[in-house]
Amino acid sequence: MARKELPAAEMLRQLLRYEPETGKLFWLPRSDDQRFSTRWGGKEAFTAMERGYKQGRIFGELHYAHRVIWRMQTGEIADDIDHINGDRGDNRWANIRHVSRAENLRNRRISRNSPTGIHGVYERAWGWQAYIGHPAGKNVCLGSFPTREEAIAARKRAEREMGYHENHGRA
């Protein structure tokens, strides 16, 4: 979904109520639209899911709930918002944070297509090889190893040294 320009934070606060403890958004009744208020006022908003993210429409435009919430709470539009625990539908205030793209990539779950089940560890004909993404944007080879366990240990050590999030690589 292409990112649409979000309405101003004040406008969002007139339309929606956010519960930081649950991460849920609710439509507020509208004094100028009795029909809307009767049908939607007080009901949960942004309940449709796309790739695990909650989404909904504001003035006909589709938006992700975590972006709307960030705008409502801070007044800012954030390029990357990270769900700390990896649950894209968990929009509790304690679970979302504004990060750089690089930081967001350091809190990724493992791809279900990963042949080894570990980011950056690959089996080769002659053994195992480990890589890690460097903040400068390049992959760094961590070495070749005779066993999968040694390659994984090297990768995990590099993740700690380079500041990867503790949840990085979760299933």
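So which residues in the range 38-51 are closer than 19 Å to E10 by Cα and among the small types (G, A, S), if there are any at all? Quick ask: steps written out before the conclusion?
Pass one, the range 38-51, residues closer than 19 Å to E10 by Cα: 41-42, 45-46.
G41, G42, A45 - these are the residues of the range 38-51 that are closer than 19 Å to E10 by Cα and among the small types (G, A, S).
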Of the residues in the range 1-57, how many are over 13 Å from Q73 (Cα atoms), at pLDDT 95 or above and among the hydroxyl-bearing types (S, T, Y)? 1
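For the range 52-62, does any single residue satisfy the condition of being free of Cβ contacts under 8 Å to residues at least 12 places away in the same chain, out of contact with any Leu (no Cβ under 6 Å at 6 or more places or on another chain) and either over 20 Å from M11 (Cβ atoms) or of a type outside the set (V, I, T) (or both)?
yes
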Mind listing just one residue for me: the one in the range 27-52 that is among the aromatic types (F, W, Y) and either crowded, with 16+ Cβ neighbours inside 10 Å or closer than 30 Å to R112 by Cα (or both) and, of those, nearest to the chain's Cα centre (by Cα)? F46
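For the range 69-89, name all the residues that are over 21 Å from R57 (Cβ atoms) and either exposed (fewer than 15 other Cβ atoms within 10 Å of the Cβ) or at pLDDT 95 or above (or both). Quick ask: steps written out before the conclusion?
Let us first name the residues in the range 69-89 that are over 21 Å from R57 (Cβ atoms), namely 74-76, 79-80, 82-87.
The answer is T74, G75, E76, D79, D80, N85, D87.
What residue, among those in the range 43-86 that are small (G, A, S) and either in a helix (DSSP H, G or I) or touching a Lys or Arg at 6+ places or on another chain (Cβ under 6 Å) (or both), is nearest to E19 (Cα to Cα)?
A65
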Under 8 Å between Cβ atoms, which residue pairs at least 6 apart in sequence (or on different chains) link something in the range 24-49 that is in contact (Cβ under 8 Å) with a residue 12 or more places away in the chain with a partner that is exposed (fewer than 12 other Cβ atoms within 10 Å of the Cβ) and basic (K, R)? F26/K43; W27/K43
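Of the residues that sit in the range 91-111 and are part of a loop (DSSP other than H, G, I, E, B) and touching a helix residue (DSSP H, G or I) at 6+ places or on another chain (Cβ under 9 Å), which one is modelled with the lowest pLDDT? Can you show your working first?
The initial filter retains those residues of the range 91-111 that are part of a loop (DSSP other than H, G, I, E, B), namely 91-92, 100, 106-111.
Subsequent filtering for residues that are touching a helix residue (DSSP H, G or I) at 6+ places or on another chain (Cβ under 9 Å) retains 91, 106.
Details: N91: 97, R106: 67.
Only one residue tops the list, namely R106.
Got a number for residues in the range 119-137 being surrounded by fewer than 17 Cβ atoms within 10 Å (Cβ to Cβ) and at pLDDT below 80?
Initially, the range 119-137 is screened for residues surrounded by fewer than 17 Cβ atoms within 10 Å (Cβ to Cβ), giving 122-127, 134-137.
This time we only want the ones that are at pLDDT below 80, so: 134-137.
Of the residues in the range 119-137, 4 are surrounded by fewer than 17 Cβ atoms within 10 Å (Cβ to Cβ) and at pLDDT below 80.
Residue-wise test of (1) under 19 Å from the mean Cα position of the chain (by Cα); (2) over 30 Å from Y164 (Cβ atoms); (3) not aliphatic (A, V, I, L, M).
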site: R57; (1), (2), (3): no, yes, yes
site: W70; (1), (2), (3): yes, no, yes
site: D87; (1), (2), (3): yes, no, yes
site: A102; (1), (2), (3): yes, no, no
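For the subset of the range 16-42 comprising residues that are part of a loop (DSSP other than H, G, I, E, B) and among the charged types (D, E, K, R), which member is farthest from I58 (Cα to Cα)? Walk me through it before giving the result.
To start, the set of residues in the range 16-42 that are part of a loop (DSSP other than H, G, I, E, B) comprises 20-23, 28-33, 41-42.
Checking which are among the charged types (D, E, K, R) leaves us with 21, 30, 32-33.
Numbers: E21: 23, R30: 14, D32: 16, D33: 15 Å.
For the range 16-42, the residue satisfying everything is E21.
The values are calculated or read from the model by the stated rules, or taken from the named source; none is laboratory data. All figures in this text were calculated on a predicted structure; none of them were measured in a lab. Quick reminder, even Gly has a Cβ in these numbers, built from the backbone with ideal geometry, and neighbours come from all protein chains shown.
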